[in-house]
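Quick notes on the structure that follows.
The values are calculated or read from the model by the stated rules, or taken from the named source; none is laboratory data. All values reported here derive from a predicted model rather than from experimental measurement. Don't worry about glycine lacking a Cβ; one is built from the backbone with ideal geometry, like all the others, and counts go over all protein chains shown. These area figures cover heavy atoms from the full protein model, side chains too; ligands, DNA and RNA do not enter into them. Shrake-Rupley method; radii C 1.70, N 1.55, O 1.52, S 1.80 Å.
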Amino acid sequence: MQEVSKQQFYEAISDFEWIPFTQNDAYCRSQVPADSLRYYLDNSDLPRIGCVGFHRRHLGLKLLRVVGECKKNRVLPKELVSEFYEQITHTDYSIIQLNLDTPYSPENEIAMRLAGYLRPIGLYSTTLSKIILTDPEKHHFNKHWRNNLNKSQRNNLLLRVIDRPQENDIRDFADKYAEMLDRKHFSDSLSYDQLSILMCDEHYKMLVVETETGERIAGRIMYIHGQTAYGMYSYTNLKGRDLSASYFLYEQQCKYLYDNGIEQFDVGRISPGQSAKNGIFHFKDGVSGEYVKYLGEWEFVRNRCLSLLLYIVKVLKNKQLRV
């Protein structure tokens with residue numbers, strides 16, 4: 001394992017098959033200051049796996065947080081994966097936290113355990129998602145979805161794909177997204193500055209739903225890599241809810257992706273249950289697709305007591321909720 005510069009890292013992974021949005025340069029820079037980013041490759045000459053980590057100090061200790069990983073091929077030998085993550089434990093970090101959106105497999109779990117990682121005390125992010133094929137011929141909707149799609153079509157809505165959003169586009173999206181979070185009492189966030197960074201990268205697209213008069217009532221930011229698009233941020237305002245704009249957005253975005261050679265859409269992590277976000281699950285459950293499970297959260301600590309301390313901080317200080 002080698003720590004490399006940002007330029008070396010992104011040149012090395014330019015032809016990788018698996019690069020989730022959490023490892024994209026724009027996304028990483030939108031989350032933390034640039035000097036907090038660390039770049040790792042298994043081998044800078046013939047790389048097969050790598051990751052970007054967020055460096056910070058927590059509780060007086062050095063902590064590395066890794067969200068996602070990059071792979072030359074989607075499936076790699078477990079020995080290679082295990083060796084890479086084990087070598088990261090040989091750095092001077094007291095705590096290493098991983099949250100991987102790589103598809104789950106027993107081999108991947110074995111690799112993490114052989115590298116010395118364990119599940120943390122308490123899980124705070126779901127491992128579930130859903131993959132929807134963009135081919136319109138392969139779409140199937142439940143009755144609730146069909147009724148709302150028919151309703152949206154009667155309202156003469158229009159989908160606009162904004163490849164290069166201007167300042168007013170970005171500010172409008174950020175404001176409407178914040179309004180929706182406040183209305184639904186969700187704890188997520190997306191600032192104007194963060195969205196501006198994303199929109200300078202060609203991998204991100206802004207989609208908005210407009211009425212006949214040009215009023216924007218729903219929108220989505222998606223990330224596209226290879227044959228997959230990933231849902232990231234979405235909003236629907238009150239008028240959009242009345243006009244079933246979110247259903248229209250899903251259907252039309254899949255047509256756009258299909259027409260541009262993108263085969264599948266990852267809806268993003270979902271949390272079925274009895275929480276406030278269960279409505280999001282029921283919405284996404286109404287369209288056909290394959291449910292998938294991510295590898296999820298893992299943790300390496302040099303002292304077992306640190307695991308308990310991190311758990312207490314998550315619950316009492318950060319007020320994170322189990323999923």
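Annotations
- Distance violations [Cα-Cα > 19 Å] among 71/205; 143/176; 176/205; 72/205; 255/293: 71/205; 143/176; 72/205; 255/293
- Of the residues 212, 17, 263, the one with the largest accessible area comes first in the ranking 212, 263, 17, computed with a 1.4 Å probe on protein heavy atoms.
- Value of relative contact order over the chain, rounded to a whole percent, pairs C-alpha under 8 Å and six or more apart: 23 percent
- Only helices enter the 222 nm calculation for the chain: every DSSP H run of n ≥ 4 contributes -39,500 (n - 2.57), and dividing by all residues gives -10000 deg cm²/dmol, rounded to 500.
- Heavy-atom accessible surface of the chain: percent carbon and sulfur, 1.4 Å: 49 percent
- For region 26-33, 3J(HN,Hα) computed residue by residue from phi via the Karplus equation (6.51, -1.76, 1.60; θ = phi - 60°) reads 4, 4, 4, 5, 7, 9, 9, x Hz, glycine and proline entered as x.
- Annotation for region 143-182 versus region 29-72: alpha-carbon center distance of 34 Å.
- Once C-alpha pairs closer than 8 Å and six or more residues apart are averaged by separation and normalised to the residue number of region 174-267, the relative contact order reads 24 percent.
- When the surface is traced with a 1.4 Å probe over the full set of protein chains, residue 145 keeps roughly 0 Å² accessible.
- Residues of region 121-143 with amide N under 16 Å of a point placed 7 Å along Cα→Cβ from residue 255: 134-141
- Solvent exposure of region 206-312 amounts to 44 Å² per residue of accessible area, where only protein heavy atoms count and the probe is 1.4 Å.
- Annotation: Cα Rg of the chain relative to the compact-globule expectation 2.2 N^0.38 Å equals 1.03.
- Relative contact order computed over region 62-117 (Cα-Cα under 8 Å; 6+ residues apart), in percent: 55 percent
- Cross-link partners for residue 138 among the aspartates and glutamates, with Cα-Cα distance under 18 Å and sequence neighbours closer than 8 places in the same chain left out: 251, 259, 263, 266, 285, 290.
- Length gained when the stretch residue 183-residue 168 is fully extended (0.36 nm per residue, less Cα-Cα span): 3.2 nm
- Considering only 76, 64, 128, the Gaussian network model of the chain with Cα springs below 10 Å gives its largest mean-square fluctuation to 76.
- Overall form of region 205-298 per C-alpha gyration tensor (a/c, 1.5; a/b vs b/c): oblate
- Take every DSSP beta bridge whose two residues both sit in region 30-118; close to 70 percent of them are antiparallel.
- Antiparallel bridges, percent of DSSP beta bridges restricted to the chain (to nearest 5): 85 percent
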